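First the structure, in the form of structure tokens, and then the observations on it.
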Amino acid sequence: MGAEKRKWNTRVDDYLNRKAAERGHVIAMARMGSTALERGDLDEAETWFRKAAEGGDRVAMGNLAHLLNERGVQEQAERWYREAATAGDSHAMSHLGNVCARRGDREAAEDWWRRAAAEGRVEAMAELARSRHRGGDLEEAEYWAGEAAEAGNVEGMITLGAVLCDTGRTAEADPWWRKASEEADAASLIKLGHQAQQRGDLARAESCFHAAAAAGAPDAAVRLGLVLHRRGELDAAERWYLKAAKRGDAAAMTNLGVLANDRNDPGEATAWYRKAAELGSVPAYTNLGRLAADHGNFQEAEHWFRAAADTGDQAGLRDLEELYRNRQRY
């Protein structure tokens, strides 16, 4: 009987709430929107949220903005985020910052994140820290990253690690990378690092890969080595490549060969390339071919270029064609 009574009470509550909403009660309208959203009726949810938002309910404004944002109606979503943010909704402030950032208005984005952060929104602290770090303001970046990290935010921990590393305090960064590795899985950290790399944010990518390495991700070491290599920190890159190579990573072996070749040690370069080639590294095939061609060993060069070309590798194919064209000149 208890369960039946609860169901009856719920039906009565729903009926009374609908009647109140239909009479223009703003809070009831907002509740109707939430109920419709829970059962997946997005059209009805939008209708009720819009009515409540137009009636001045700031929570409904934010919910309407979220719904419109997810439905791809960006211009309307921004309007309602702004209405809710102006009414004092810190969650909307944080989201409005994200919207401004997506359209490239970093100044406006930081302004809204700063307001939201001042209201205690941890996700806004993390976004503001990341933006200030990229803008070169390490002092403010460290402050907000620290606030976010202390609150348990992984993004904040990663940015704090990057800032500390940039200011020569790698030893202080290590505990935050380990903490991030405890809070997030290695695959997520690798993904964050890859996204940072694509944006050209190598400091953040380095921090993400450090955290992923602490989490035990098998490919984090070579990814970290690549970031350091691109930054010109060759000794540090070599240390991470060696860690990965010891675990049998062919890409790390290939890159160790590149480092050796760059310092004019073709013997060591060849040794690493051969190890990588045994594991099927196509770049190692082409690099071995180029070394052989440089030393006038055209038969061996042809062997390695053909091995690369046979995998469909365009660089190997181009090198093979060039070898044929220039053989007489050689």
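The values are calculated or read from the model by the stated rules, or taken from the named source; none is laboratory data. Just so it is clear, the model here is predicted, and its values are computed rather than measured. With ideal geometry, Cβ positions are generated from the backbone for all residues, glycine too; neighbour counts draw on all protein chains shown. All accessible areas refer to the heavy atoms of the entire protein, side chains included, with ligands and DNA or RNA removed. Shrake-Rupley method; radii C 1.70, N 1.55, O 1.52, S 1.80 Å.
What to note about this one:
- Taken over the stretch 134-189, the criterion of being of a type in the set (Lys, Arg) and part of a helix (DSSP H, G or I) is satisfied by Arg134, Arg178, Lys179.
- In the stretch 138-147, the qualifying residues are those that are hydrophobic (A, V, I, L, M, F, W, C) and farther than 15 Å from Pro175 by Cα, and the one that is least open to solvent (accessible area, probe 1.4 Å) is Ala141.
- Qualifying residue in the stretch 37-48 (condition: among the charged types (D, E, K, R), open to solvent by 50 Å² or more (accessible area, probe 1.4 Å) and not in a helix (DSSP H, G or I)): yes
- Scanning the stretch 112-128 turns up no residue that is in contact with a helix residue (DSSP H, G or I) (Cβ under 6 Å, 6 or more places away or on another chain) and either among the hydroxyl-bearing types (Ser, Thr, Tyr) or over 27 Å from Leu160 (Cβ atoms) (or both).
- Of the helices (runs of 4 or more DSSP H) entirely within the stretch 220-310, those holding at least 1 residues that are over 27 Å from Glu321 (Cβ atoms) and either basic (Lys, Arg) or free of Cβ contacts under 8 Å to residues at least 12 places away in the same chain (or both) occupy 220-230, 234-246, 266-278.
- Taken over the stretch 94-123, the criterion of being among the acidic types (Asp, Glu), without any contact (Cβ under 8 Å) to a residue 12 or more places away in the chain and in a loop (DSSP other than H, G, I, E, B) is satisfied by Asp105 alone.
- Test result for Ala211, in contact (Cβ under 8 Å) with a residue 40 or more places away in the chain, more than 22 Å from Gly135 (Cα to Cα) and either in a helix (DSSP H, G or I) or in contact with a Lys or Arg (Cβ under 6 Å, 6 or more places away or on another chain) (or both): yes
- Every condition in (1) under 25 Å from Ala149 (Cβ atoms); (2) part of a loop (DSSP other than H, G, I, E, B) is met by Leu192 except one, and the failing one is (2).
- Each residue in the stretch 271-285 was checked for being within 22 Å of Leu234 (Cα to Cα), of a type outside the set (Gly, Ala, Ser) and crowded, with 20+ Cβ neighbours inside 10 Å, and 3 of them qualify.
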